[in-house]
1. How would you classify the stretch 86-128 from its alpha-carbon gyration tensor, with a ≥ b ≥ c the square roots of the eigenvalues: rounded for a/c under 1.5, else prolate if a/b is greater than b/c, otherwise oblate?
2. Classify the stretch 80-185 from the C-alpha gyration tensor, please: rounded if a/c falls under 1.5, else prolate or oblate depending on whether a/b exceeds b/c.
3. Ordering 288, 59 by accessible area with a probe of 1.4 Å, largest first, what comes out?
4. Using the beta-carbon distance between residue 56 and residue 235 and R0 = 35 Å, what value does 1/(1 + (r/R0)^6) give for FRET efficiency, to the nearest 0.05?
5. Can you tell which of 43, 57, 67 lies farthest toward the positive end of the dipole of the stretch 43-127, using +1 and -1 charges on the Cβ of basic and acidic side chains (Lys, Arg; Asp, Glu)?
6. Heavy atoms of the protein only, probe of 1.4 Å, neighbouring chains included. What is the accessible area of residue 106 in Å², nearest 10?
7. Provide the per residue accessible area, probe 1.4 Å, for the stretch 168-232, rounded to a whole number of square angstrom.
8. Could you compute how much accessible surface residue 24 exposes when probed at 1.4 Å, giving the result in Å² to the nearest 10?
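The values are calculated or read from the model by the stated rules, or taken from the named source; none is laboratory data. Worth saying up front: this structure is predicted, and the values here are computed from it rather than measured. Reconstructed Cβ throughout: ideal geometry from the backbone, glycine too, with neighbour counts over all protein chains shown. Note: areas computed on protein heavy atoms with side chains; ligands, DNA, RNA excluded. Shrake-Rupley method; radii C 1.70, N 1.55, O 1.52, S 1.80 Å.
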Amino acid sequence: MERGRRSNGMLPLLALHAVSEYCRLGWKPPVTAGLLAANTLIYLRQPAFVDSMLPTLHEVLFNPHLILKHRDLKRFLLSAFYHIDESHLVYNMMSLLWKGIQLETSMGSVEFASMVAALLGMSQGITLVLAKSLLFFDYGRAYYQEYAVGFSGVLFAMKVVLNSQSDNYTYIHGLTIPSRYAAWAELVLIQMFVPRVSFLGHLGGILAGILYLRLKALYSGRDPLTTIVSGFSNVLNWPLRVVRNLCGFRQRQISGRRTIGGRHMNTPSIWTCRACTFDNSGWLSVCEMCGTSRDDGLSSVGSSNQSHDLSLEELRLRRVERFGR
Ligand SMILES: [Zn+2]
C-alpha cells in the first residue's frame, strides 16, 4: 500500500517505551521483541525490500467469505500482522509488550513462540468457524462479510492464558470480578468504546486461549509444536553457540519457570485498569490508556469509591483523545 506513512508521533513514543522497558529487564525476552519489530516493520513497510515482498493490506484483510472461497491461507495468517493505522498498531503493541514480557519470562522463549503460533492459528480458525456457523442465522451474514486485521485476537488469547492462574481480582467499574474472567469484561467494554472493532475476532481469541489451556492440561509432556520450534531454534542457535563457546562466554542461565503473577520475578507484574481494562506495566502507577490511578479508591470503602469511577462516556472521550478514534 502507501509508502512513507504519516506519523502522528505515537510510534516513536511506543519505540521509546519498549526500549526503556527492555533496559530495565535483567533478561530480555527475544520473541516478544521480534513480534513487536515484525508488526511495526510490516506496518511501516520498511525497509524497501520488505515493501516489495509484502502483499497489500487489501490482499490480507481477514474475510471469512473470501478465505473459505479461495482457501486463502495468506488472509488467514497474515491478517493478524497488519494494522489499519498508527493508533491501532500502538494500542496492540503496548498490550503485546506487557503480556509478552510476562508470558515469555515465565515459560521460556521456545514454549512462548510455539504458544503464539498455536494461539494465532486457533484464534483465526475459531473466528472463521464462528462466522460460518452464524450464517445459519440471518444477522450472521454481516459477520461473514466482515473485514478485519490486527493482532488483538492473539492478545485476547494471551490475556486468558496470563490470567488463568491468577487468584487475584480485577476491579472494573465498581464490579469485582476474578482476574480469570477479565478478558470477557474487556470484550464487552472495548466493544462499547470502539464499536468498529471485530467482536468475533476478539471472541475467537478468548475461546482460543481457553482451548489452548484445555489442550495443554491434557498433554503432560511437551506438545509437538514446542518440539518443532525447539528443534528450529537449536539449529538457528548453533552458530551462535559455537562463537560463544569459542569466546568462553557462558550462556546466561534463565532461572527456570517462574510463576506467572508471582512476586519473585524481575519483571513488573501487570495490573488491569479498573476503568478501561487496559493491561498496564507494574512499573506504572497510572493507566497508560485513560490515566486512572492504579490504587484509585481500592483501599477505601464507601462513597468515595464511586467518585473515582469514570463514566463510559468520559472513558470513551479519553480514549478518542489519546488515539484519535
Ligand atoms: Zn485505564
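1. Verdict is oblate for the stretch 86-128.
2. prolate
3. Per-residue accessible area, sorted high to low, gives 59, 288.
4. Between residue 56 and residue 235 the formula returns 0.60.
5. Positive-end residue among those listed: 67.
6. So the heavy atoms of residue 106 present about 10 Å² to solvent.
7. Using a 1.4 Å probe on heavy atoms only, each residue of the stretch 168-232 averages 56 Å².
8. Surface open to solvent at residue 24 totals about 120 Å².
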